[in-house]
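The values are calculated or read from the model by the stated rules, or taken from the named source; none is laboratory data. None of the values given here were measured: they were computed from a predicted structure. Cβ placement follows ideal geometry from the backbone for every residue including glycine, while neighbour counts extend to all protein chains displayed. Each accessible area value is taken on the protein alone, full model and side chains, heavy atoms only, with ligands, DNA and RNA left out. Shrake-Rupley method; radii C 1.70, N 1.55, O 1.52, S 1.80 Å.
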Amino acid sequence: MLTLSGTLRLPKLGFHPPFLMLMPVPLDVETEAVVTIIPQDFIRPSRIRVKLPELEHPDGTRTCPFSVQFPEGQDIVLSAEGTSNELTCRISFRSSKPMSFLREMLFIDEEDN
């Protein structure tokens, strides 16, 4: 009979800073911020993708004023010691229409966590 002890934890992502507030800017001017993503409890390499929120304007058009870049890549890599690399994420906002926007961005690994 084989008995395993210990707990299996789901992988999760930590963020620094945990909340992001971008400064107001004139129309068609880009503003950006950098967020550090801290992978925790990953047992194998994975790739992060982002689901960006859309906004519906009063005229019915939909837009996504955000863009996301991973300047050093979006792969979670495990070291020989079992730790994960931190990822740098650059989040940008630009809009040609006036708007105030409060939404969530979803950061998802390959297994939809």
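Step by step: first the residues of the range 35-57, then only those that are of a type in the set (D, E, K, R) and under 30 Å from Pro98 (Cβ atoms), then the one that is modelled with the lowest pLDDT. Which residue is that?
Only one residue fits best here, namely Glu56.
Could you check the range 52-72 and list, in sequence order, the residues that are surrounded by 10 or more Cβ atoms within 10 Å (Cβ to Cβ) and not in a loop (DSSP other than H, G, I, E, B)?
Leu55, Thr63, Phe66, Ser67, Val68, Gln69
When only residues in the range 73-113 that are of a type in the set (Asp, Glu), at negative phi and loosely packed, with under 11 Cβ neighbours inside 10 Å count, which is modelled with the lowest pLDDT?
Among those residues, the one meeting the criterion is Glu81.
Does Arg49 satisfy being open to solvent by 100 Å² or more (accessible area, probe 1.4 Å) and touching a residue at least 12 places away in the same chain (Cβ under 8 Å)?
yes
Taking Val35 and the conditions (1) surrounded by 13 or more Cβ atoms within 10 Å (Cβ to Cβ); (2) out of contact with any Cys (no Cβ under 6 Å at 6 or more places or on another chain); (3) not acidic (Asp, Glu), which numbered condition does it fall short on, given that it satisfies the others?
(2)
Residue by residue through the range 34-46, note down the ones that are out of contact with any Phe, Trp or Tyr (no Cβ under 8 Å at 6 or more places or on another chain) and either without any contact (Cβ under 8 Å) to a residue 12 or more places away in the chain or under 16 Å from Phe107 (Cα atoms) (or both).
Val34, Pro39, Gln40, Asp41, Phe42, Pro45, Ser46
Among the residues that make up the range 48-60, is at least one of them small (Gly, Ala, Ser) and under 23 Å from Pro11 (Cα atoms)?
Looking for residues that are small (Gly, Ala, Ser) and under 23 Å from Pro11 (Cα atoms), one finds none in the range 48-60, hence no.
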